[in-house]
Amino acid sequence: MSLRSTLAVLTAALSFALPVAASAQSVKFGYVDYQQVLLAVEDGKAAKTRLQKWLEDRQKEIDREQEALRKEKETLDKQASAMSDDTRMQKGAELQRKVMELAQKWDRYRSEAAGRERQEMEPIVDKIDGVIAKIAERDGFSFIFEKRDSGLVYAQTQYDLSNEVIRAYNALPKTAAPKAPAAPKDAPVAKDAPKK
């Protein structure tokens with residue numbers, strides 16, 4: 001059973017159990033949109049900017065190499081009639097190999113980007129979790145759900161704590177900005193970073 005399905009089942013079970021529990025104790029709910037918070041807090045913006053710069057640099061490198069390969073193919077096409085069959089086939093195979101290597105390089109960059117994003121965002125998410133816990137304790141929340149992954153289909157905006165979390169996070173004492181992580185070249189990295 002997937003995490004999303006498990007959370008949906010737990011949410012449904014809670015909705016049936018809560019009327020009984022609510023009679024014994026006041027239950028207070030809230031929810032947070034993690035994506036919104038990650039993109040709005042100062043650390044998240046800085047991390048996103050660093051990641052974007054890294055990606056743009058890699059994209060420029062790929063674009064340069066792609067342009068060089070396109071020119072090489074044009075030259076090969078122009079000179080093909082003057083070449084022997086063996087030479088033409090050899091040059092064509094070499095060009096194909098370079099195209100494949102470039103595609104593999106792009107795939108490595110995408111995997112590395114996912115790993116970098118995870119490394120950049122993990123400490124921020126941990127701080128966000130701490131802020132949410134403090135808000136929950138301070139304001140007496142029994143449950144705070146993540147908007148997207150909790151199975152929450154609808155909730156009134158008055159229960160949305162995202163802006164409060166952003167304000168509280170940005171009010172925390174500033175620590176030294178984390179350096180961009182250096183991911184090892186041969187480290188296996190999942191294609192999609194998990195979202196909180």
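Laboratory data are not the source of any read-out in this text; all were calculated from the coordinates shown. From a predicted model like this one, the values you see are computed outputs, not experimental measurements. When we count neighbours, we look across all protein chains shown, and the Cβ atoms used for this are built from the backbone with ideal geometry, even at glycine.
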Within the stretch 88-137, how many residues turn out to be of a type in the set (Gly, Ala, Ser) and in contact with a Pro (Cβ under 7 Å, 6 or more places away or on another chain)?
-> 0
If a residue has to be under 21 Å from Val27 (Cβ atoms) and small (Gly, Ala, Ser) to count, how many in the stretch 105-152 make the cut?
-> 6
Selection count, the stretch 90-126, where residues are of a type in the set (D, E, K, R) and crowded, with 17+ Cβ neighbours inside 10 Å | 6
The condition from (1) within 16 Å of Leu161 (Cα to Cα); (2) part of a helix (DSSP H, G or I) that Gly30 misses is numbered (2)
Total residues in the stretch 133-157, condition in contact with a strand residue (DSSP E or B) (Cβ under 9 Å, 6 or more places away or on another chain) and either assigned to a helix (DSSP H, G or I) or aliphatic (A, V, I, L, M) (or both) | 7
Subset tally (residues that are of a type outside the set (Val, Ile, Thr) and closer than 30 Å to Val37 by Cα) for the stretch 73-126 = 19
